[in-house]
1. Of all residues in region 42-56, which are open to solvent by 10 Å² or more (accessible area, probe 1.4 Å) and among the charged types (D, E, K, R)?
2. For region 71-89, check the following and say yes or no: at least one residue is acidic (Asp, Glu), modelled with pLDDT of 95 or more and part of a loop (DSSP other than H, G, I, E, B).
3. State yes or no: is residue 39 in contact with a Phe, Trp or Tyr (Cβ under 7 Å, 6 or more places away or on another chain), surrounded by fewer than 21 Cβ atoms within 10 Å (Cβ to Cβ) and outside any strand (DSSP E or B)?
4. Checking residue 161 against (1) of a type in the set (A, V, I, L, M, F, W, C); (2) in contact (Cβ under 8 Å) with a residue 40 or more places away in the chain; (3) loosely packed, with under 14 Cβ neighbours inside 10 Å, which single condition isn't satisfied?
5. Looking for something within 21 Å of residue 88 (Cβ to Cβ), over 11 Å from the mean Cα position of the chain (by Cα), buried (at least 17 other Cβ atoms within 10 Å of the Cβ) and among the small types (Gly, Ala, Ser) - is there at least one such residue anywhere in region 5-27?
6. What residue, of 133, 121, 111, is touching a residue at least 40 places away in the same chain (Cβ under 8 Å) and surrounded by 13 or more Cβ atoms within 10 Å (Cβ to Cβ)?
Amino acid sequence: MHMETVRNEFSKIPAVENATLSYEIPDGNAGDVPNAFRPGQDSTKAISVLMLKTDASYLNTFKIPLKAGRFFSQPDMIGDSTNIILNETAVLVLGWKDARSAIGRQLKLQGYNGTVFTIIGVTRDFMFGTMQGTISSMIFCHVNYLNQYRFLSFRVSPGNLSKAIETLQKN
């Protein structure tokens, strides 16, 4: 909970539009790549997905558009811990016809003790790594599920970037 307090305090700084806690940033380096499958499906037919462990502010901070459903609740709710969000590619690869048809459905991840996750949202596809790469299947898991994060990222207001950085360094 301490890092959530730090994030919230930084969010109060006028030069900061958004602040987010996550284990990954959009740099192509996913910390976890589990295999995902639908309950009742043969787990040997699971697909590899990039897992992004994020808080509720991640989409707004990195300007990732939501296509259907919702993202995690603000403030970070413990009830969101078994909710997940997929990208469009994951929806199609997992066998749903479109983003809306995946909302409310369930998913399992190999290596996650049989936890059944509920899909609450779908993001538009976006480049997680270099622009020369392909778009991978991705899921967003709430940082509270595993309580792992290593990045505190900011979106600063446009204008005087040097002043914004100076303000952040003072805090």
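1. Within region 42-56, 42, 45 qualify.
2. No - not one qualifying residue is present in region 71-89.
3. no
4. Single failed check for residue 161: (2).
5. There is no residue in region 5-27 that is within 21 Å of residue 88 (Cβ to Cβ), over 11 Å from the mean Cα position of the chain (by Cα), buried (at least 17 other Cβ atoms within 10 Å of the Cβ) and among the small types (Gly, Ala, Ser).
6. The match here is 121.
Quick grid of which residues meet (1) open to solvent by 50 Å² or more (accessible area, probe 1.4 Å); (2) of a type in the set (Lys, Arg):
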| site | (1), (2) |
| --- | --- |
| 67 | yes, yes |
| 87 | no, no |
| 91 | no, no |
| 100 | yes, yes |
| 103 | yes, no |
| 148 | yes, no |
| 165 | yes, no |
| 169 | yes, no |
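The values are calculated or read from the model by the stated rules, or taken from the named source; none is laboratory data. None of the values given here were measured: they were computed from a predicted structure. Methodologically, a virtual Cβ is constructed for each residue, glycine included, from the backbone with ideal geometry; neighbour enumeration extends over all protein chains shown. Remember, those area values only see protein heavy atoms, side chains included, never the ligands or the DNA or RNA. Shrake-Rupley method; radii C 1.70, N 1.55, O 1.52, S 1.80 Å.
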